[in-house]
Structures are given as structure tokens and as C-alpha cells.
Amino acid sequence: MKRNVSEHKTEKRHISLIVPVHNEELRIRRGICRICDYFEINGYEYEILITEDGSTDKTVEIAQDLQNTNNKIILHSSKKRIGKGRAISNSMLLAKKEFVAYMDVDLAADPSEFERLFNKINDYDIVIGSRLLRGTLPPIERPFNRTFFSFFYSRFFRILFRNPIIDPQCGFKLFRKEIVSELFKNISTTGFAFDSEVIVKAYSLNYKIVEVPIIWSHDKASQLLVRQQMIEMGKDLFRIWYESHVLWINNQNVYPQKRGSRIGRLLFWVLRKIYEK
């Protein structure tokens with residue numbers, strides 16, 4: 001796909017980029033090499049933290065080879081599966097550059113899309129890439145079940161938390177380094193709803209967040225089962241919502257709208273009674 005962000009010399013960017021991988025032997029070399037090429041051509045001061053999560057194929061072997069050929073590539077590997085969320089959180093806390101980001105190795109969003117995020121970061125603490133906001137960008141082509149799931153999840157997230165973010169699950173985000181420690185040190189979600197917990201916690205800490213449309217392409221090789229993903233993410237989202245209410249009861253930070261709607265407060269009361277038995 002042709003990218004709207006041209007590759008040219010820009011002001012020097014300082015970035016620690018986390019790239020989570022699990023059984024990605026077919027895509028990791030192409031993805032990491034593309035990222036490195038873009039950063040080198042455009043004068044980035046960078047480090048790439050490959051965050052490997054218990055792979056059983058040749059992912060680790062290829063990642064080690066990439067690390068040996070470029071001292072800006074750092075491999076963090078886990079022999080046991082710890083989950084994408086925990087893997088990213090661990091690496092975020094080890095990042096050293098002025099800005100910290102993460103993206104997927106499949107290049108669904110090209111590294112050139114970071115220019116759109118950097119154009120906003122001076123005024124915000126967090127800039128989020130969005131697949132659902134389009135602005136002047138072309139619509140994204142993806143299977144109906146994926147489109148429906150994204151739309152449903154977006155609505156569900158905003159209803160539960162009264163949160164303005166349209167696409168909390170997009171795995172293309174940029175952060176100021178100074179907020180990373182506080183934001184990621186106690187993230188408990190290890191699965192795919194990890195991104196949603198990051199957004200909820202960021203709002204509870206009153207960080208300034210903006211969402212930016214990006215060019216994104218659907219990965220036809222994705223092996224995720226939508227039904228299974230919906231169930232797991234739904235459970236995680238309810239847990240995040242419930243724990244946010246517990247924090248409010250204990251007079252700790254919660255999302256800015258406090259307890260949400262009357263229906264939400266009633267549901268929380270019922271769930272708490274069930275959990276306390």
C-alpha cells in the first residue's frame with residue numbers, strides 16, 4: 001500500500017520502540033529490517049526492543065541474529081508465555097529514549113506512520129494511532145467480522161468507562177518517557193485488553209491523550225480467532241471496569257468520570273456482593 005507520509009529527513013527523533021513477538025519466524029526479519037531502514041534513513045536516534053514471549057518456533061534464533069548485526073536492537077526473551085501485555089510492560093520500563101512507543105511486527109502500520117504521532121506529541125503525553133478515525137485518510141478494508149468486533153468493542157469500552165477514545169486497542173502508540181514508569185508499573189492485564197487498561201489508567205492519572213488517524217492494513221495471515229478473542233477481551237474489560245470501581249471506593253485514582261452511570265453503579269454493587277461471598 002502506498003503511504004501518505006513521505007520518507008525524508010526530519011528533525012531528529014529519539015525513540016525506544018517496543019516490538020512484541022510470539023511465533024513470528026515468518027515475519028520478524030522483514031518487520032524489524034523495515035523499521036531499522038526507516039529510522040536510519042530519517043535520522044532517528046533509536047533503540048528497538050524486541051519483546052519475545054515464549055515462542056516455540058525460530059523467532060528467538062532470528063531475533064538473536066538481528067541483534068548481533070545491529071547494536072540498536074535489544075532482545076528481551078521469555079522462555080515461558082507471559083502474555084503480550086506483560087511483555088510490553090516489562091520492556092516499556094527498560095526503555096531509555098526520550099519517547100517510547102510500541103507497534104506490531106507485521107507492519108499493519110508502517111513505521112512512517114510515527115510521523116503523524118510525533119506531529120502531536122509536543123502537546124500531549126500520549127498519542128494513539130487510530131484505525132477507526134479516518135479524517136482525510138482512506139477507509140480500511142478488513143473482513144466484516146473484524147469490522148463488527150472493532151465497532152462493538154469501541155462502543156462497549158466508551159459506555160463502560162465514559163471514555164472518548166474511539167480505538168483503544170490499536171497497537172500503535174507513542175508516549176513521553178517521563179510518564180512510562182508511573183503508567184506501566186502496575187498494569188495487570190496480560191492479554192489483548194492490555195491496551196484498554198493503559199488508556200483507562202492514563203485517564204485516571206490525568207495524562208493528556210489524543211487520537212490520530214493512521215494508515216493501517218489488515219493482516220490476512222493473522223491467526224487470531226475472533227470469537228475467542230471477543231470472550232477473553234470482554235472478561236478482561238469487565239475486570240478492569242470492576243477494579244476501577246474498587247479503587248474509587250478506596251478513595252484512590254480512578255477514571256475521571258468516577259463511577260459512570262446509575263446502571264453501572266448498580267451492576268458494580270451486584271458484582272461486589274457476588275465476589276465477597
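The values are calculated or read from the model by the stated rules, or taken from the named source; none is laboratory data. Quick caveat: nothing in here was measured; it's all calculated off a predicted structure. Virtual Cβ from ideal backbone geometry, glycine too; neighbours counted across all protein chains shown. Only protein heavy atoms, including side chains, enter the accessible area calculation; ligands, DNA and RNA are left aside. Shrake-Rupley method; radii C 1.70, N 1.55, O 1.52, S 1.80 Å.
Residues that are open to solvent by less than 20 Å² (accessible area, probe 1.4 Å) and under 20 Å from R13 (Cβ atoms) do not occur anywhere in segment 142-164.
Residue by residue, here is whether (1) of a type in the set (A, V, I, L, M, F, W, C); (2) in contact with an Asp or Glu (Cβ under 9 Å, 6 or more places away or on another chain) holds:
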| site | (1), (2) |
| --- | --- |
| S89 | no, no |
| D104 | no, yes |
| F114 | yes, no |
| I128 | yes, yes |
| F144 | yes, no |
| R158 | no, no |
| K173 | no, yes |
| E182 | no, no |
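Only one of the numbered conditions (1) open to solvent by less than 20 Å² (accessible area, probe 1.4 Å); (2) touching a strand residue (DSSP E or B) at 6+ places or on another chain (Cβ under 9 Å); (3) of a type outside the set (K, R) is violated by Y38, and that is (2).
Taking first residues from segment 105-125 that are farther than 14 Å from K208 by Cα and partners that are of a type in the set (V, I, T) and part of a helix (DSSP H, G or I), the Cβ contacts under 6 Å between residues at least 6 apart in sequence or on separate chains come to V105/I28; P111/I35.
Applying the condition of being open to solvent by 10 Å² or more (accessible area, probe 1.4 Å), hydroxyl-bearing (S, T, Y) and closer than 22 Å to S78 by Cα to segment 181-204 and asking which residue is modelled with the highest pLDDT yields S181. I need every pair where a residue in segment 58-82 that is at negative phi has its Cβ under 6 Å from the Cβ of a residue that is basic (K, R), sequence separation at least 6 or different chains. Pairs that qualify, where the first residue is at negative phi and the partner is basic (K, R), are I62/R29.
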